[in-house]
Amino acid sequence: MSLAAEEIAKREWEAMSNPDEVRVRIRVSRVGSIYTPNPEGSLEEEAVFKVFTFGDNHILEKATGYKEHVGDRGNEVTVTEPNEFKRLMVKRNLLSWTLDIPIERCDGWMTPECYERVSRIAAPVLDAFIREFELKSYVTEEEERLINRQSAILFSESSRGVADACEAVSLFCTLGNYWEKFGINKNSLVHFPQREYLMLKLMIGRESDAIRTKTSAKKQPVTRIAGRGGRTRPSTGKRISL
Amino acid sequence: MPVVKSRKENKKAPEQKQDRVDEQIMEPGKYEVTSETTFDVELFLKEGDGRWMVVNPGTDSAEEHKLVFRMWSYDEMVEMKKKATTYDATRRIHVIDNDALNRLKIQKFLQSWTLDRENPRLKLHRVGGVLTDESWQTFAKLQPNIINYIFDRMNEVYELGG
C-alpha cells in the first residue's frame, strides 16, 4: 500500500516537475510470437512524449487538412485526416521510450531513419501508447460533462464554490487568481511553499466573500403588494425620504 | 477520399540506406513486425442441417481449421485506415468503413489457411505479397457466419491487441 502510494507520488512529481513532458505507461503480454497490449500483462513499457501544445495541434491540422464538399451547393470545408494526424503526432511528440528502438530526433521532429524503424512496431503497441497520450492531451466527453456541471455551480449567483473541484475548475481558479494577483504561473507554482500558498488561498477566499457581501448589500429590495388571489405586482407607490 | 499524402515520399534514397551497416546487421526489436510475426485464428466447424456451424473447441466430430495472419505494423495500419476512411459530410465526422478495412486486412495479411486441405478450389493465390482479388472472392464465398467469426477473432488481435 505504502509502496504504491510512493510510486504514485513519484509519478505525480515527475509530471509536475517536467511540465513539458507526458509519460505514459502500458502493460504488454506475449501471445505466441507477438507482443500485444494487455492491462494485465507482465511487462510494463513507458513512452515519454513532448506535451501536445496548441502550436503542435495547429501545425498538424495545417499539414493534414484537406477540402471536402458539404451540402448540395458545392460548399467546401477543411477537415483533418485523422490517421495521418496521428502519424505526424508520433513524429512530432515521441521523445523516448523503453522499447529497444532508440528514438533519434532532429529540429523538433523524429528523423526519417528513426521513423522507418518505429513504423515497423506492431500497430496495437504503438496505438496503445498514442491512445494513452491522447487521453492526457485532450478533454474527454466525460470530463467535459463534469466541467459543464461544476462551472454551472461555480458561476451561479448563490455560489459558495465547488466541492471536489475537477482539474479544469481547479486550474481556472488557482492559476486565474494567482497569476492575476501575484504573477505566479503554472511553472513557478510548483516550487511555491505550501504554507504561503495556503495563506494566500485563505486570503483570496476571504476577499471573494467580502466582494460578494458588498455586492449583495447594494441590491435594493423590490417592494411588492399582494393583490387578489395572493398574486403580487410591483409597487407603484413613491418612495418618500424621511 | 482523403488526399493527404504520406510522408514516405520524403524517404532517403535506397543507396544511402544500404550504406548503414549497423541497420543491416541489427536484429529486429522484439516489438518490430517481421514475416514471422504471425498469429493464428482457430476455427472449429461442424456440418448440420445442410450448413456449417462454428462450434466450440472439443465438440464431437468438429473439423479443425487454422488461418495464419501476419501482424500489422504501425505504418501499415495507418495506410490501411487511410484507405478505408471517408468523410461523412452530414455528420461532419470521419468514419472508417469496417467492411473495406476487413477486406484490406484479409488480402494483405492472411498468409495461409487449412480450408484448402480437401478442396483445391479454396487455394489462396498471392501476387506481390497480397492475395489476388480472385482469392478474396473465394474467401467472400464462405458462409457469412464463418466470415464473421474470422473477422471477430482477427480484429481481437489487430484492434484490441488480443
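The values are calculated or read from the model by the stated rules, or taken from the named source; none is laboratory data. Source: prediction; values computed, not measured. Glycine also receives a Cβ, built like all others from the backbone with ideal geometry; neighbour counts cover every protein chain displayed.
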Output the residues belonging to the range A:141-162 that are more than 15 Å from the chain's Cα centre (by Cα) and exposed (fewer than 11 other Cβ atoms within 10 Å of the Cβ). A:F155, A:S156, A:E157, A:S158
First in the range A:121-143 and more than 10 Å from chain B (Cβ to nearest Cβ), second anywhere and part of a helix (DSSP H, G or I), Cβ under 7 Å, 6 or more apart: none
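Give the range A:164-181 a look and list any residue that's under 21 Å from A:M16 (Cβ atoms) and either at pLDDT below 80 or surrounded by 14 or more Cβ atoms within 10 Å (Cβ to Cβ) (or both), or say none.
Step one: list which residues in the range A:164-181 are under 21 Å from A:M16 (Cβ atoms), which gives A:164-179.
Those that are under 21 Å from A:M16 (Cβ atoms) and either at pLDDT below 80 or surrounded by 14 or more Cβ atoms within 10 Å (Cβ to Cβ) (or both): A:A165, A:C166, A:A168, A:V169, A:F172, A:C173, A:T174, A:L175, A:N177, A:Y178, A:W179.
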Of the conditions (1) under 23 Å from A:T36 (Cβ atoms); (2) more than 7 Å from chain A (Cβ to nearest Cβ); (3) not small (G, A, S), the single one that B:M77 does not satisfy is (2)
Residue count, the range A:1-40, condition farther than 18 Å from A:E132 by Cα and in contact with a Gly (Cβ under 7 Å, 6 or more places away or on another chain), comes to 1
Every residue from the range B:28-70 that is in contact with a Phe, Trp or Tyr (Cβ under 9 Å, 6 or more places away or on another chain) and among the basic types (K, R): B:K30, B:K46, B:K66, B:R70
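Given the criterion among the charged types (D, E, K, R), surrounded by 14 or more Cβ atoms within 10 Å (Cβ to Cβ) and away from chain B (no Cβ under 11 Å), identify the matching residue among A:K50, A:K91, A:K86.
Working: A:K91 fails: away from chain B (no Cβ under 11 Å); A:K86 fails: away from chain B (no Cβ under 11 Å).
That would be A:K50, the only listed residue that is among the charged types (D, E, K, R), surrounded by 14 or more Cβ atoms within 10 Å (Cβ to Cβ) and away from chain B (no Cβ under 11 Å).
Having 3 or more residues that are of a type outside the set (A, V, I, L, M, F, W, C) is the bar; report the strands (runs of 3 or more DSSP E) wholly within the range B:67-139 that clear it. Spell out how you get there, then give the answer.
Numbers: elements: B:85-88, B:93-96, B:110-113.
Hits in the range B:67-139: B:85-88.
Test A:T236 against the stated conditions and say whether it is at pLDDT below 75 and either surrounded by 10 or more Cβ atoms within 10 Å (Cβ to Cβ) or under 30 Å from A:S17 (Cβ atoms) (or both). Let's see the steps before the verdict.
On the way: at pLDDT below 75: yes; either surrounded by 10 or more Cβ atoms within 10 Å (Cβ to Cβ) or under 30 Å from A:S17 (Cβ atoms) (or both): no.
So A:T236 does not fit the description; no.
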Go through the range A:100-120 and count every residue that is surrounded by fewer than 22 Cβ atoms within 10 Å (Cβ to Cβ) and touching a residue at least 24 places away in the same chain (Cβ under 8 Å). 0
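For A:Y35, are the conditions met, namely being facing chain B (nearest Cβ under 10 Å) and in contact (Cβ under 8 Å) with a residue 40 or more places away in the chain?
Details: facing chain B (nearest Cβ under 10 Å): yes; in contact (Cβ under 8 Å) with a residue 40 or more places away in the chain: yes.
Answer is yes for this residue.
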For the range A:1-43, give me each residue that is among the small types (G, A, S), assigned to a helix (DSSP H, G or I) and under 22 Å from A:K136 (Cβ atoms). A:A4, A:A5, A:A9, A:A15, A:S17
Would a scan of the range A:34-43 turn up a residue that is within 24 Å of the chain's Cα centre (by Cα) and aromatic (F, W, Y)? no
Scan the range B:60-71 and give yes if some residue there is within 14 Å of chain A (Cβ to nearest Cβ), at negative phi, without any contact (Cβ under 8 Å) to a residue 60 or more places away in the chain and surrounded by 16 or more Cβ atoms within 10 Å (Cβ to Cβ), otherwise no. yes
Here are the criteria: (1) at pLDDT below 95; (2) buried (at least 16 other Cβ atoms within 10 Å of the Cβ). Tell me which single one B:K123 does not satisfy. (2)
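Being of a type outside the set (G, A, S) and without any contact (Cβ under 8 Å) to a residue 24 or more places away in the chain is the filter here; which residues of the range B:40-55 pass it? Give the derivation first.
Taking the range B:40-55 first, the residues of a type outside the set (G, A, S) are B:40-47, B:49, B:51-55.
Once the filter is applied, which keeps residues that are of a type outside the set (G, A, S) and without any contact (Cβ under 8 Å) to a residue 24 or more places away in the chain, the range B:40-55 yields B:F44, B:K46, B:E47, B:D49, B:V55.
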The listed residue being touching a helix residue (DSSP H, G or I) at 6+ places or on another chain (Cβ under 8 Å) and touching a residue at least 60 places away in the same chain (Cβ under 8 Å), out of A:V190, A:V162: A:V190
